[in-house]
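Remarks on the structure that follows.
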Amino acid sequence: MMGWAMLGLVALAAVILLAITRFPKRLWTIAATGVMLGAAGYAWQGSPGLPGRSASIEKQAGEVDPGLVALREAIFGKYGTAVFTYATAAESMIRTGRPDLATVVWLGAVRKYPEDYALWSGLGLALAEQDGNQISPAAKLAFDKALALHPSHPGPQFFYGLALVRAGQFAEARPYWAKAVELTPADISYRDELRVRLFLLDRFLAAQAEQAKQKAPGPQPAPEAQPAR
């Protein structure tokens, strides 16, 4: 009976999560179908009649870079902004070892405020982090949405570039960071930090280019002319 009780708790948690994230009610049947399929599979191959046994699941706490948090707050704003509220909730999920729930928080944010470019930037970064710091199609879509909503703001440019740097796509990140610096007014407090990051990226790209040049094979000597026979 314990197995069925746990399945009921899972179903209840799914309903609560759907409500919190404002998932469209017309699509709730999809989630219900998933729970029903899980129940059928458990009844078929599981052992619902056996007593339950607690399992030890160790979640590794994630780290949140305080410097990056401060930079995000400087770029997008702090108290009173939607991005501050949702970012704080998402970061608490990361610290407890649940980056998947951090993504759920950002998804709920863009559903509630679909025209907020800062939230779309946060969602793009969260999706990339969840996919092992790779720019998945979903992450790219989120960043493209942020750029389209406010093409003249440095925030989406910077955070898309940051995701590309984390993915190891340094050359691809360079235009976004350069654009972020270009769009930032000279008297804005965080402009120097963006310039420093761009400078370090340029140094890294230059070092990469020099290393590739050194590894490239030199010119091959021309074959000696053979005497006429």
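The values are calculated or read from the model by the stated rules, or taken from the named source; none is laboratory data. For clarity, every value in this text was computed on a predicted model and none was experimentally measured. So basically every Cβ, Gly included, is an ideal-geometry build from the backbone, and we count neighbours across all protein chains shown.
Output the number of the condition that ALA180 fails; it satisfies all remaining conditions of (1) over 21 Å from the mean Cα position of the chain (by Cα); (2) at pLDDT 95 or above.
(1)
Quick one: count up the residues across the range 124-179 that are farther than 21 Å from ASP65 by Cα and of a type in the set (Val, Ile, Thr).
Here the count works out to 0.
Please specify each residue of the range 189-211 satisfying the condition of being under 26 Å from the mean Cα position of the chain (by Cα) and among the hydrophobic types (A, V, I, L, M, F, W, C).
Selection gives LEU194, VAL196, LEU198, PHE199, LEU200, LEU201, PHE204, LEU205.
Residue under question is PHE76, and the condition is that it be of a type in the set (Phe, Trp, Tyr) and without any contact (Cβ under 8 Å) to a residue 12 or more places away in the chain; does it hold?
no
Any residue at all in the range 153-170 that is among the hydroxyl-bearing types (Ser, Thr, Tyr), at pLDDT below 95 and not in a loop (DSSP other than H, G, I, E, B)?
For the range 153-170, residues among the hydroxyl-bearing types (Ser, Thr, Tyr), at pLDDT below 95 and not in a loop (DSSP other than H, G, I, E, B): absent.
Give the number of residues within the range 83-141 that are outside any helix (DSSP H, G or I) and of a type outside the set (Val, Ile, Thr).
Of the residues in the range 83-141, 11 are outside any helix (DSSP H, G or I) and of a type outside the set (Val, Ile, Thr).
Table: residues versus (1) aliphatic (A, V, I, L, M); (2) at pLDDT 95 or above.
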residue: ALA90; (1), (2): yes, no
residue: LEU101; (1), (2): yes, no
residue: ASP131; (1), (2): no, no
residue: LYS145; (1), (2): no, yes
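What pairs come up if the first residue lies in the range 201-212 and is farther than 12 Å from PHE170 by Cα and exposed (fewer than 10 other Cβ atoms within 10 Å of the Cβ), the second is of a type in the set (Phe, Trp, Tyr) and modelled with pLDDT under 85, and their beta carbons are under 6 Å apart, counting only those six or more places apart or on different chains?
Sorted first by the residue in the range 201-212, then by its partner, the list stays empty.
Answer with yes or no whether THR85 is exposed (fewer than 15 other Cβ atoms within 10 Å of the Cβ) and of a type in the set (Ser, Thr, Tyr).
Against the criterion (exposed (fewer than 15 other Cβ atoms within 10 Å of the Cβ) and of a type in the set (Ser, Thr, Tyr)), THR85 qualifies.
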